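The values are calculated or read from the model by the stated rules, or taken from the named source; none is laboratory data. What you see is a predicted model; the values in this text were computed from it and never measured. Methodologically, a virtual Cβ is constructed for each residue, glycine included, from the backbone with ideal geometry; neighbour enumeration extends over all protein chains shown. Note: accessible area is taken over every heavy atom of the protein model, side chains too, but ligands, DNA and RNA are not part of it. Shrake-Rupley method; radii C 1.70, N 1.55, O 1.52, S 1.80 Å.
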Amino acid sequence: MSSPVTLVLIAITALVSWLAFKDRRVVDRLILWPPAVSKRHEYWRLVSYGFLHADLPHLLFNMVTLFFFGRMIEQVMLKITGSPLTYPLFYLAALVVSILPSYLKNQKNPSYFSLGASGAVSAVLFAFILLSPWSLIFVFFIPAPAILYAVFYVGYSIWMDRKGGDRINHSAHLAGAAFGVIFMLAMEPRVWEVFLEQLLNPRFG
């Protein structure tokens, strides 16, 4: 499967994250820090934060997920629109949209920081689930139908977002997932019919 954009996104994210692991100045320059956006007008941080990761497991989890699901979504978007720009613009827009709720909520909070591609990866994953709801995906090596995982993922993210207590940006996951679904439907409304047909006629695999 030809997927040059997905591979380039993974390569750039891995490189930037690796540089940031070694040099704190890279983190300071690229991480989402709301006051830097609102007061210094450093708007690139609404995108660049997604190319940083907290540690190697965080990076690997996001990039492995992007590798397995991003390639299909890249091909689908290319087939529907005929433009190789659709998928990369979708990914970059997902980074912005997924972080907006957190940014707006913490716009005046100098103690808030966020990094990681999870919001955009969630958009890719949920775009895939919309196209193939009964595909088996592996969650910590345990196979599960994609649609059931989606229900659990959304429910858990809502619960943890309200509860708090960890350092994971659950609202970004939710916003990214919603954006992935909305973007796919806006790009090709017939996807909804395909989703319903597959949902009512489960085929595991």
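Here are the numbers for this structure:
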read-out	value
Per-region count, segment 61-99, residues in contact (Cβ under 8 Å) with a residue 40 or more places away in the chain and not in a helix (DSSP H, G or I)	1
Answer residue from segment 163-196, given it is more than 17 Å from G70 (Cα to Cα) and under 14 Å from the mean Cα position of the chain (by Cα) and is most open to solvent (accessible area, probe 1.4 Å) among those	I168
Residue check for V154: more than 19 Å from the chain's Cα centre (by Cα) and β-branched (V, I, T)	no
Y103 touching a strand residue (DSSP E or B) at 6+ places or on another chain (Cβ under 8 Å), in a helix (DSSP H, G or I) and on the phi < 0 side of the Ramachandran plot	yes
Every residue from segment 92-131 that is open to solvent by less than 30 Å² (accessible area, probe 1.4 Å) and of a type in the set (G, A, S)	A94, S98, S102, S114, G116, A117, S118, G119, A120, S122, A123, A127
Verdict on M160 being at pLDDT 85 or above, within 22 Å of A94 (Cα to Cα) and open to solvent by less than 50 Å² (accessible area, probe 1.4 Å)	no
Members of segment 144-158 found to be within 13 Å of L174 (Cβ to Cβ) and not hydrophobic (A, V, I, L, M, F, W, C), listed by number	Y153, G155, Y156, S157
Among (1) open to solvent by less than 30 Å² (accessible area, probe 1.4 Å); (2) modelled with pLDDT under 90; (3) part of a helix (DSSP H, G or I) - the single one A144 does not satisfy	(3)
Conditions (1) of a type in the set (A, V, I, L, M, F, W, C); (2) assigned to a helix (DSSP H, G or I); (3) without any contact (Cβ under 8 Å) to a residue 40 or more places away in the chain: number failed by F195	(3)
Residue count, segment 49-60 (criterion: open to solvent by 20 Å² or more (accessible area, probe 1.4 Å) and part of a helix (DSSP H, G or I))	5
Residues (in a helix (DSSP H, G or I) and free of Cβ contacts under 8 Å to residues at least 24 places away in the same chain) located in segment 159-173	W159, M160, D161, R162, K163, H170
Meets criteria (open to solvent by less than 10 Å² (accessible area, probe 1.4 Å), over 24 Å from D23 (Cβ atoms), touching a helix residue (DSSP H, G or I) at 6+ places or on another chain (Cβ under 8 Å) and not β-branched (V, I, T)) for M77	yes
Matching option when the condition is among the aromatic types (F, W, Y), closer than 14 Å to M72 by Cα and modelled with pLDDT of 95 or more, among F128, F90	F90
